[in-house]
Amino acid sequence: MHISLLSTPALFAASIAMILMVSLLVLASGLYERSHQAYATFFFLCLVVSLYQWATFEYHQLQDQISSIYWLKLQTACYIAILPAAYFCFAVWTRQQNKKIWLQLLLGWSLVLAILNVILPYGLKFSRIEQVVTWPGDAGYTLQNFVGPLHWAGILLHLTGLILILWLLWRCWVLLNQGKRLMAIGISIFVILLFITWLIAAGIQTGRINSVQVVGFTFNYFLILVCIDVAKQLHRQREKLQLALTTSERVAGALQGLMRGMVYQDGSSFYANQVEQLQRLYQADICFIGQFETNTERATQVRVLAMQKDGKPVEGFVYPLSGSPCQGLEKKESCTYYRNVQHTFPEDSMLAQEHIQAYLGMSVKDVNGNPIGVIVLLFRHDVEAISEFEQTLMLFAERTAAEIQREHAEQRLKRAAYTDSLTNLPNRKALWDWLTNQPADTWQRYPTFQLLLIDIDGFKEINKLHGQAIGDRVLQEVAKRLNAYANEGDMLARYGSNSFAFIKQGIPTADNPMIKLHGETIASLIRTPIELAGRQLKLVASIGSAQACQANNQEELLHFVESALKQAKEEGNGGIRRFDPALQSLLDERLLLEKELADSIKKGEFFLLFQPQTTSTGALLGAEVLIRWAHPVKGMIRPDLFISVAEETGLIRLLGQWLFDAVFRQIQTWRRLGISYPKHLAINVSPLQFLDPDFVENLQKQMLYYDINPAEIVIELVETGLLNDKTGTLQKLHKLRELGFKLALDDFGTGYSSLSYLKDLPLDILKIDKSFVDDLQTDSTHKLVSAIVDISHHLGLEIVCEGVEQQWQVEHLRDMGCRRFQGYHFARPLAADKLIQWQFADESSNA
C-alpha cells in the first residue's frame with residue numbers, strides 16, 4: 001500500500017515554514033509573556049518539530065544505509081525531545097497544577113532514551129534491518145523505508161508517548177468540567193490525529209504501508225490551535241486595553257458613588273450602594289460585602305450584609321470561610337484568583353453552583369488592623385489583574401470598615417443604654433420600650449400577658465452584713481434563676497437596685513391558674529438557699545403582679561404593678577399580691593395625698609396641739625407637742641397616715657423643720673405676752689429626720705434664731721431611729737446634750753427593747769408605751785414595767801407613762817415610782833390657748 005500524498009518536498013517545506021512562522025508569531029504576540037519558561041519551551045518545541053520534519057524527509061530519500069541511519073537517529077532524537085517539551089506546553093496551556101515534578105521525571109527519562117538512541121546501532125526503532133523498501137515519489141524522487149522488528153527500547157519510547165496521549169485525554173476531561181469545551185474538543189481532535197498517525201507509523205515499520213512518517217504533520221494542526229488561541233489572546237489584549245482606557249472613568253464614577261454613600265447613607269442602604277457601585281465598576285457577576293462572626297462551633301463565617309447577583313439585589317446569607325478562597329483572609333490583605341478558582345476550591349459549593357472562575361476578595365480591617373469583614377467579587381470568566389481596581393477596592397474596604405465600626409459602636413452604646421451591666425438583663429428603659437412597642441390591641445383584652453414585679457426583701461442588710469460584692473453575686477444568681485424560668489416570648493428585666501420585672505406571656509383568661517402559679521413559682525425559686533463564698537443565704541421576695549388587659553397603656557400597667565408590690569411589702573416579707581382594681585381608688589387617694597402634702601406645708605394647713613404631762617394629782621409638768629393636718633376639703637387627716645406618707649416621700653424633714661419652727665414661734669408668742677407656759681415641751685423627731693447629717697446643725701440655727709432655752713425642749717426619739725449607725729447616733733446625742741436639750745426615748749418596749757443600750761445612750765427620759773399601761777393587770781406585764789422603772793431610776797432616767805386613761809393605772813404606776821403621766825385621764829390634746837386655760841384652771845382647783 002502506497003501513501004504518496006504527503007511525500008512531496010513542498011509539503012514538508014510548507015510544514016516546516018508554518019511551524020517556524022507560528023513560533024515567530026508567538027514570540028511577537030507575547031502569548032506567554034508572564035511565563036518565560038513556557039515561552040522558551042514552546043519556541044524550542046517548534047524548532048525540534050521543524051528539525052523532526054526535516055530529518056523525516058531526509059531519512060526517506062534514497063541513499064546509502066549509513067546516511068539513512070543517521071537521519072533515522074536524528075528523527076528519533078527529535079521525537080524524544082518533543083515529549084517533555086510538548087508535555088510542558090500542554091500543561092501550561094491547560095493550567096495543570098504541580099507540573100514541575102512530572103516534567104523533571106519526564107526529562108530524566110527522555111535523557112535515558114536519548115543515550116540509548118545514540119548507543120544502539122539502529123537507534124530505538126529497529127533491532128535490525130531486514131529489508132529496504134523503495135517506491136517512486138510524486139516529484140520524481142525515489143523514496144525508501146526500512147522494515148524490521150521494533151527494538152525493546154523503542155517499545156519503551158512508544159509507551160511513553162501512549163502515556164502522554166492518555167494524560168492529554170484526562171486534561172480534556174478536566175477542561176470540559178471547567179466549561180472550556182472548545183479547547184477540550186480541539187485537543188481531543190489532536191489526540192485522535194496523533195493516534196491515527198501512530199497506526200500508520202506502525203504499518204510503515206512492518207512494511208505493510210509504503211509512506212513517509214506523517215506524525216510530524218499532526219503538529220501543524222496543533223499550531224493551528226495555537227494560532228486560534230493567539231487570536232483570542234490578542235482579542236483579550238485589545239479588550240484589556242479598552243478596559244484600561246475606561247478604568248479612570250469607571251473609577252471616578254465609583255468614587256463619586258462612594259462619596260454619596262459616605263454623606264447620605266448608612267446601615268443596610270450604605271452596603272447596598274457599595275455592592276451596586278462595585279459590581280458596576282468591576283463588571284462582576286456577583287458581589288457581596290460580609291462581616292466576620294463566630295458560630296456556635298467557634299468557626300469563622302461571613303454574615304453577608306448586602307449582595308448583588310447579575311445586577312439584582314439578593315437577600316443576605318451566612319457564608320462559611322472554611323474551604324473558600326477567603327479562608328486565610330484574616331491573615332492577609334487580599335485573596336485573588338484570576339482563573340480556575342472553582343477547581344482550586346472544590347469544597348466551596350457556591351463557586352460550583354454559579355460556575356465561578358475568578359475570585360477577588362479584599363479584607364476589611366478595623367483601626368487596629370484586625371479583620372472584621374470582607375468584600376468579594378465573583379466572575380464566571382477569567383479576569384486580568386488591573387492595579388487600579390485593587391487600589392479602588394482598598395478604598396471601598398476602608399469605607400466599609402468605617403461603617404461596620406460605626407455600627408459596632410452604635411450597638412455597644414445601645415447595649416449600654418438598654419442592658420444592665422451587672423446581670424446582662426434588659427434594663428428599665430428596655431422594658432419601657434418593649435411595652436411601648438406593643439400593639440394597640442394588647443390592652444383591655446385577652447389573651448394577655450402578666451407583669452410581675454419582684455423585690456428582694458432585706459437586700460440592704462445583705463450588702464451591709466456581707467459586702468457589696470456578695471450583694472452583686474446574689475443579684476446575678478437571682479437573675480440566672482429567673483431567666484431559667486423564662487419561655488420564648490417572655491421578657492426579664494432589672495427594674496431597680498434589688499428588683500426585677502418579669503413578663504409572662506400566654507394568659508388566656510382572667511381565671512387562668514397560671515396567674516397565681518407564676519408568682520408562687522418565682523417566690524419558690526428565690527427562697528431556695530444560695531451558696532456563695534462558703535455562705536448559705538436565704539432570700540425572700542415580695543411580688544406584685546398585674547395583667548396588661550387591666551390597663552389602658554404601659555404607664556398605667558407599671559403603676560398598677562407597683563401598687564400591687566407596695567401592698568405585698570406592707571403585708572411583710574415574702575408577700576405576693578395581684579393588682580385588685582377595687583383597691584385602686586384607695587391607692588389613688590394615697591397618691592393624691594402624697595401630691596397634696598408638700599403644698600399643705602406651704603399653705604399652713606398644719607397646726608399644733610399640746611397633750612399635758614402631769615403629776616399623779618394632775619399638776620401640769622409639761623406637754624408633748626402633736627402635729628395635726630386640717631385639709632380644706634377632706635377635713636382632719638389622721639397623723640399616722642400623713643406622717644407615713646411624709647416618711648415615704650422624704651417630706652418628713654421639711655415637716656419636722658416646720659414643727660420646730662411652729663413650737664419655737666409659739667414659745668416666743670407666750671413670752672411676748674408674758675404668759676406662763678410649760679417649761680417642758682416634748683417634740684417627736686422622725687428616725688429619717690434624725691438621720692439627716694445636718695439635723696443638729698439646723699436645730700441649733702433655729703434655736704439661736706428664736707432665742708430658745710434648750711433646757712425647755714425635750715427631743716423624743718424612737719428606738720428604731722437610734723439603732724442605725726451607732727457611732728453617728730452617739731455623736732449627735734452628745735452634741736444635743738451639750739447644747740442643753742433633754743433627750744427622751746419614746747414608745748419604749750415596742751421596738752427591740754434592748755436594756756443593754758440604755759447605759760450607753762445619753763438619755764434623760766424613758767417613756768413607757770401605752771400597750772404596757774393597758775396591760776398592767778397582767779402579772780407578767782406588771783413585773784416587767786416595775787423592773788423597767790427600777791432600772792431607769794438606777795440609771796438616773798425619768799419615767800413618763802403614756803396612754804393613762806384609768807385611775808387604777810395611775811395608782812399602780814405611782815406605787816412603782818412613776819412621777820410623770822400623760823393620757824386622756826388627765827387631758828386630751830389641747831390648742832395652745834386651751835393649754836394655758838387648762839393650766840390656770842388646774843392650778844386654781846389644786847389650790
Fill in the blank from the handout: The residue from GLN274, GLN283 that alone is closer than 17 Å to LEU393 by Cβ, open to solvent by 50 Å² or more (accessible area, probe 1.4 Å), in contact with a helix residue (DSSP H, G or I) (Cβ under 9 Å, 6 or more places away or on another chain) and of a type in the set (S, T, N, Q) is GLN283
Handout entry: Subset of the stretch 679-689 that is at pLDDT 90 or above and of a type outside the set (S, T, N, Q) - its residue that is farthest from the chain's Cα centre (by Cα)
Key = HIS680
Fill in the blank from the handout: Listed by first then second residue, the pairs whose first member lies in the stretch 548-572 and is among the hydroxyl-bearing types (Ser, Thr, Tyr), whose partner is part of a helix (DSSP H, G or I), with beta carbons under 7 Å and at least 6 positions apart or on separate chains, are SER563/LEU587
Practice task
Quick one: which helices (runs of 4 or more DSSP H) lie wholly within the stretch 447-529 and hold at least 3 residues that are open to solvent by 30 Å² or more (accessible area, probe 1.4 Å) and basic (Lys, Arg)?
Solution key: 468-485
Exercise for the section: Test THR720 against the criterion of being closer than 30 Å to LEU591 by Cα and either in contact (Cβ under 8 Å) with a residue 60 or more places away in the chain or touching a Pro at 6+ places or on another chain (Cβ under 9 Å) (or both), and give yes or no. Expected result: yes
Exercise for the section: Go through the residues of the stretch 650-659 one by one and say whether even a single one is over 18 Å from LYS701 (Cα atoms) and crowded, with 19+ Cβ neighbours inside 10 Å. Expected result: yes
Practice task
Please name all residue pairs, on different chains or six or more residues apart, with Cβ atoms under 7 Å, provided the first residue is in the stretch 457-475 and is touching a residue at least 12 places away in the same chain (Cβ under 8 Å) and closer than 12 Å to LEU537 by Cβ and the second residue is open to solvent by 40 Å² or more (accessible area, probe 1.4 Å) and part of a helix (DSSP H, G or I).
Solution key: GLY471/ASN463
Exercise for the section: Identify the residue in the stretch 333-354 that is among the hydrophobic types (A, V, I, L, M, F, W, C) and open to solvent by 20 Å² or more (accessible area, probe 1.4 Å) and, among all such residues, is farthest from the chain's Cα centre (by Cα). Expected result: ALA352
Exercise for the section: With the checklist (1) touching a helix residue (DSSP H, G or I) at 6+ places or on another chain (Cβ under 9 Å); (2) assigned to a helix (DSSP H, G or I); (3) modelled with pLDDT under 90 in hand, flag the one item GLN411 doesn't pass. Expected result: (1)
Exercise for the section: Could you tell me which numbered condition LYS595 fails, if it satisfies all but one of (1) in a loop (DSSP other than H, G, I, E, B); (2) free of Cβ contacts under 8 Å to residues at least 40 places away in the same chain; (3) of a type outside the set (Phe, Trp, Tyr)? Expected result: (1)
Fill in the blank from the handout: Within the stretch 769-803, residues buried (at least 16 other Cβ atoms within 10 Å of the Cβ), within 21 Å of LEU717 (Cα to Cα) and touching a Leu at 6+ places or on another chain (Cβ under 9 Å) come out as PHE772, VAL773, VAL785, ILE788, VAL789, SER792, LEU797, GLU798, ILE799, VAL800, CYS801
Practice task
From GLU605, GLU556, grab the single residue that is surrounded by fewer than 19 Cβ atoms within 10 Å (Cβ to Cβ) and either more than 30 Å from VAL625 (Cα to Cα) or within 39 Å of the chain's Cα centre (by Cα) (or both).
Solution key: GLU556
Exercise for the section: Say whether the condition of being part of a helix (DSSP H, G or I), in contact with a Leu (Cβ under 8 Å, 6 or more places away or on another chain) and open to solvent by less than 20 Å² (accessible area, probe 1.4 Å) is met by at least one residue in the stretch 670-682. Expected result: no
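Conditions (1) modelled with pLDDT of 80 or more; (2) touching a Ser or Thr at 6+ places or on another chain (Cβ under 6 Å), marked per residue:
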residue	(1), (2)
ALA17	no, no
MET21	no, no
ALA38	no, no
VAL49	yes, no
SER67	yes, no
PRO84	yes, yes
PHE88	yes, yes
Practice task
May I ask you to verify whether LEU103 is touching a Cys at 6+ places or on another chain (Cβ under 7 Å) and at pLDDT below 85?
Solution key: no
Completion exercise
If we ask which residues in the stretch 804-836 are free of Cβ contacts under 8 Å to residues at least 60 places away in the same chain, surrounded by fewer than 18 Cβ atoms within 10 Å (Cβ to Cβ) and under 12 Å from PRO612 (Cα atoms), their number turns out to be 3
Problem - Test result for GLU403, part of a helix (DSSP H, G or I), over 27 Å from the mean Cα position of the chain (by Cα) and surrounded by 13 or more Cβ atoms within 10 Å (Cβ to Cβ) - result: no
Fill in the blank from the handout: If we ask which residues in the stretch 352-371 are outside any loop (DSSP other than H, G, I, E, B) and either touching a strand residue (DSSP E or B) at 6+ places or on another chain (Cβ under 7 Å) or basic (Lys, Arg) (or both), their number turns out to be 10
Completion exercise
Condition set basic (Lys, Arg) and assigned to a loop (DSSP other than H, G, I, E, B), scope the stretch 299-347, selection modelled with the lowest pLDDT: answer is LYS332
Exercise for the section: Report the residue count in the stretch 108-123 for those that are touching a residue at least 12 places away in the same chain (Cβ under 8 Å) and farther than 12 Å from TYR70 by Cα. Expected result: 5
Completion exercise
Within the stretch 203-217, of all residues that are of a type in the set (Val, Ile, Thr) and in contact with a His (Cβ under 9 Å, 6 or more places away or on another chain), the one farthest from PRO136 (Cα to Cα) is ILE209
Practice task
State the number of residues belonging to the stretch 355-380 that are in contact (Cβ under 8 Å) with a residue 60 or more places away in the chain and open to solvent by 30 Å² or more (accessible area, probe 1.4 Å).
Solution key: 3
Exercise for the section: Determine which single condition ASN177 fails, assuming it passes every other condition in (1) buried (at least 16 other Cβ atoms within 10 Å of the Cβ); (2) within 60 Å of the chain's Cα centre (by Cα); (3) at pLDDT 80 or above. Expected result: (1)
Exercise for the section: Evaluate the following for GLN104: is it touching a residue at least 24 places away in the same chain (Cβ under 8 Å) and not aromatic (Phe, Trp, Tyr)? Expected result: no
Practice task
Can you tell me which residue within the stretch 382-400, out of those that are over 20 Å from VAL304 (Cβ atoms) and of a type in the set (S, T, N, Q), is most open to solvent (accessible area, probe 1.4 Å)?
Solution key: GLN391
Exercise for the section: Determine the pairs where a residue that is touching a residue at least 12 places away in the same chain (Cβ under 8 Å), located within the stretch 193-215, has a partner that is of a type in the set (Ser, Thr, Tyr) and open to solvent by 20 Å² or more (accessible area, probe 1.4 Å) with Cβ atoms under 8 Å apart, the partner being 6 or more residues away or on another chain. Expected result: LEU193/TYR221; SER211/SER4; VAL215/TYR79
Fill in the blank from the handout: ALA416: passes all of (1) in a helix (DSSP H, G or I); (2) of a type in the set (A, V, I, L, M, F, W, C); (3) more than 23 Å from THR294 (Cβ to Cβ) but (3)
Exercise for the section: Among the residues of the stretch 609-631, write down those that are among the small types (Gly, Ala, Ser) and open to solvent by 10 Å² or more (accessible area, probe 1.4 Å). Expected result: SER616, ALA619, ALA630
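The values are calculated or read from the model by the stated rules, or taken from the named source; none is laboratory data. Keep in mind it's a predicted model, so treat the numbers as computed, not measured. Neighbour counts are summed over all protein chains in view; Cβ atoms, including those assigned to glycine, are modelled from backbone coordinates with ideal geometry. When the accessible area is computed, the model is the full protein with side chains, heavy atoms only, and any ligands, DNA or RNA have been set aside. Shrake-Rupley method; radii C 1.70, N 1.55, O 1.52, S 1.80 Å.
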